[in-house]
Ligand SMILES: Nc1ncnc2c1ncn2[C@@H]1O[C@H](COP(=O)(O)OP(=O)(O)O)[C@@H](O)[C@H]1O
Ligand SMILES: N[C@@H](CCC(=O)OP(=O)(O)O)C(=O)O
C-alpha cells in the first residue's frame, strides 16, 4: 500500500493543472502562477523523477486573445478558441521550461487516439522516448477535432489515461481547492478536508460534487473517477491545492498536502488497463446470469451460449461492453465476431457455429485474455 512516506521514492509523475486554477477567472493564463510550478517540476526532474504535464487552459486563453468576455456556446467557437489559446499555452510553458534548460513537446490527444490499439501503442512509445530524452511533454485534449463522441471532456480523465499509458508512479491533480472535502467547500464553511482515502470507498461518490466556476469541467466527480482509472495501473492520486506554497516540492517530500487516493487493487497488465480505460465500447452484449457468474467467479472466457442480446454495430477485434440483465456493466473485452455474426450465434454452443456461419473462427465470443472485469 502506498503511503506518503513512499512518495519521495516515486520516479514518474503525471501532473495535471486544471482550468479553474490556471486561468484568472477566465481572463486568460495566469503566467505568474506558471513559473513556480515549472520551477518545481524542473526540481523534480533534476532529482531523477520524470514529469509529464497535462495542462488545460486553451479555451480560456483563446477567449482572452480574441477579446471574448463570455465562454462561447457553440462547439465550433469553443474549438476555435482552443486552437487560438493552445498557441499561448505551449508558448508560455516552452518559454518557462526553456529558460531553465528543458525542452517541452506538445502532445494533443483525442479519446480515439487511446482507444485504437496501434495509436495507443504509438502514443506510449513517443511519450517514453520524450521522457528518455529529458523532454517535458505538455499534453492537452485535441479540442479542434474532438466532437462530443470523441471527447475525454475533462482533463482529469485524460491525465488518468496518460498515467495508465506510461505506468506513472503518481498522478497529481492540481486544482483550486485544498483537496477533496467531505462536501463542496464552496458555500459550506464546515466542509472538512479528507487527507487520505481508499480510492474505491463508495462514500466518495456522495461527497464529490461538480464544478461551479464555469471554468473547470467536472469538479471533484471527474477527479475521483480519474483516481479510480489511475488505480488500474497501481497509480495513486493526490488532489492538491495548486495555489499552495511550493506544493509539488512538498508533495515530493512526502508532506501531508491535499488528498491522497490510494489504489485498492494490484496493478493490471497494460493490455487489460487499456481495455478497462477504453471509454467508448462499440457495442453491448447482454449476458444471462450464468455467464455473469462464470466471468466473475471462474474467470472464464465469454461463450456465445451465455449471451442473450446483441446491441450496436461492431467489428471483430473491437471493444464491447458486457452487461448483466439489470443493465450494469460487468466486463469489457475485444470481441471475436462482428455484430451480425454475433447476432446469429448468440445463445448457441460453439459446436454449431460452423453450420450457422459456414466457418469457425474462435470458440469464444471473447477470450479471457482479452477480457477485463469491472
Ligand atoms: N467535495 C468537494 N471537495 C472539493 N471541491 C469540490 C467538492 N465537490 C465539488 N467541488 C468543486 O470542484 C471544483 C474543482 O473542480 P473544477 O472546477 O473542475 O476544477 P479544475 O479545472 O481544476 O479541474 C472546486 O472549485 C469545488 O467547488
Ligand atoms: N481542453 C480544455 C480543457 C478542458 C477542461 O476544462 O478540463 P479541466 O481542467 O479538467 O476542468 C482546454 O484546454 O481549455
Expected single match for within 16 Å of ligand 2 (Cβ to nearest atom), modelled with pLDDT of 95 or more and closer than 27 Å to residue 81 by Cα among 180, 173, 150 is 173
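Can you give me the ranges of the strands (runs of 3 or more DSSP E) entirely in segment 317-373 with at least 1 residues that are without any contact (Cβ under 8 Å) to a residue 24 or more places away in the chain and surrounded by 19 or more Cβ atoms within 10 Å (Cβ to Cβ)?
It comes to none.
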*asked:* Could you go through segment 8-27 and let me know if any residue there is over 22 Å from the mean Cα position of the chain (by Cα), within 16 Å of ligand 1 (Cβ to nearest atom) and at positive phi.
replied: yes
Open item on the list: Among the residues of segment 317-324, are any assigned by TED's automatic domain parsing to the domain that holds residue 24, within 22 Å of the chain's Cα centre (by Cα) and within 22 Å of residue 222 (Cα to Cα)?
Closed with: no
Here the residues within segment 82-104 that are buried (at least 18 other Cβ atoms within 10 Å of the Cβ) and not in a helix (DSSP H, G or I) are 102, 104
**OP:** Looking only at segment 291-306, decide whether some residue is in a strand (DSSP E or B), surrounded by 19 or more Cβ atoms within 10 Å (Cβ to Cβ) and touching a strand residue (DSSP E or B) at 6+ places or on another chain (Cβ under 9 Å).
**Re:** yes
Scanning segment 1-16 for residues that are at pLDDT 95 or above and in contact with a helix residue (DSSP H, G or I) (Cβ under 7 Å, 6 or more places away or on another chain) gives 13, 14, 15, 16
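Among the candidates 186, 228, 250, which residue alone is surrounded by fewer than 23 Cβ atoms within 10 Å (Cβ to Cβ) and away from ligand 2 (no atom under 16 Å from the Cβ)?
Numbers: 186 fails: away from ligand 2 (no atom under 16 Å from the Cβ); 228 fails: away from ligand 2 (no atom under 16 Å from the Cβ).
Residue meeting the stated conditions: 250.
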Does segment 113-123 contain at least one residue that is within 16 Å of ligand 2 (Cβ to nearest atom) and within 25 Å of residue 272 (Cα to Cα)? yes
Exception for residue 35 within (1) surrounded by 13 or more Cβ atoms within 10 Å (Cβ to Cβ); (2) away from ligand 2 (no atom under 16 Å from the Cβ); (3) under 23 Å from residue 168 (Cα atoms) falls at (3)
Within segment 28-51, restricting to residues that are part of a helix (DSSP H, G or I) and touching a strand residue (DSSP E or B) at 6+ places or on another chain (Cβ under 6 Å), the one that is nearest to ligand 1 (Cβ to nearest atom) is 41
Next on the checklist: Tell me whether segment 257-265 contains one or more residues that are surrounded by 16 or more Cβ atoms within 10 Å (Cβ to Cβ) and away from ligand 1 (no atom under 16 Å from the Cβ).
Outcome noted: yes
Exercise. Quick one: would you say residue 134 is away from ligand 2 (no atom under 13 Å from the Cβ), touching a residue at least 40 places away in the same chain (Cβ under 8 Å) and over 16 Å from the mean Cα position of the chain (by Cα)?
Worked result: yes
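The values are calculated or read from the model by the stated rules, or taken from the named source; none is laboratory data. Every value quoted in this text rests on a predicted model; they were computed, and no experiment measured them. Methodologically, a virtual Cβ is constructed for each residue, glycine included, from the backbone with ideal geometry; neighbour enumeration extends over all protein chains shown.
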